[in-house]
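Quick notes on the structure that follows.
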């Protein structure tokens, strides 16, 4: 889910801001499909990384999206020039503000001091946001395949209890999900409680990142039809 035109920064710290419309709606060209009970957005990443394909991609999903996501680096230049952090955040006007991405995967894959620094940084940021009187819902995202133990070798469900404890300021939960990378060969193999079991706390849920490849990747065999089946399954 994306806001306006999406830009990916190379800085290690990302703010994830999600903007939504007033509510779920029937997508353009949906034919006989029933009105969706959820909002849906699209990534602005084009099929190939060039401006010629980027702009038409944005034009296509803008006609169909209820929401949009914006990944932005911390605005160091503006802050160093004297702009207050409060002014910078207010100028963004997001519906939701994410302070960290895939925290459980970072804890699994990165050196422990990296994860500890993210916990310290995001908790401090949440306090600063509250002190500035900004009432936007805050979230971090969890990686679903990691929560199900599909990247840790054992394959046992792990959940996100640690994340909810370490990031207790969240009032919504973002999730990232790529089931084909977690060993599922077919979309129909993904359990129906795949998201619900992770979100046992029943926080408002944002699928902020994820998908199913439409082409073969390494040893993974896929197709546009399989990608469409995953969207229906999801």
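Bear in mind that the values in this text are calculations on the coordinates, not laboratory data. Computed from a predicted model, the values in this text were never measured in an experiment. Positions of Cβ are backbone-derived with ideal geometry, glycine not excepted, and every protein chain shown enters the neighbour counts.
Numerical summary
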| item | result |
| --- | --- |
| Global geometry of region 66-108, whether rounded, prolate or oblate, following the gyration tensor of its Cα atoms and the 1.5 cut on a/c | oblate |
| Inter-site label distance for residue 127 and residue 114 at 7 Å from Cα along Cβ, in nm | 2.6 |
| Shape call, region 14-233: gyration tensor on alpha carbons, a/c limit 1.5 | oblate |
| FRET efficiency, 1/(1 + (r/R0)^6) with R0 22 Å, evaluated for residue 171 and residue 93 via beta carbons | 0.80 |
| Ratio Rg/Rh [Cα only; Rh per Kirkwood] for region 107-234 | 1.02 |
| DSSP bridge orientation in region 14-233 - percent antiparallel, rounded to nearest 5 | 45 |
| Residue 76-residue 185 pseudo-label distance in nm [points 7 Å out on the Cα-to-Cβ vector] | 4.7 |
| Contour minus Cα-Cα distance for residue 216 and residue 156 (0.36 nm per residue) | 18.9 nm |
| Distant alpha-carbon pairs in region 63-159 (separation over 22 angstrom), percent | 44 |
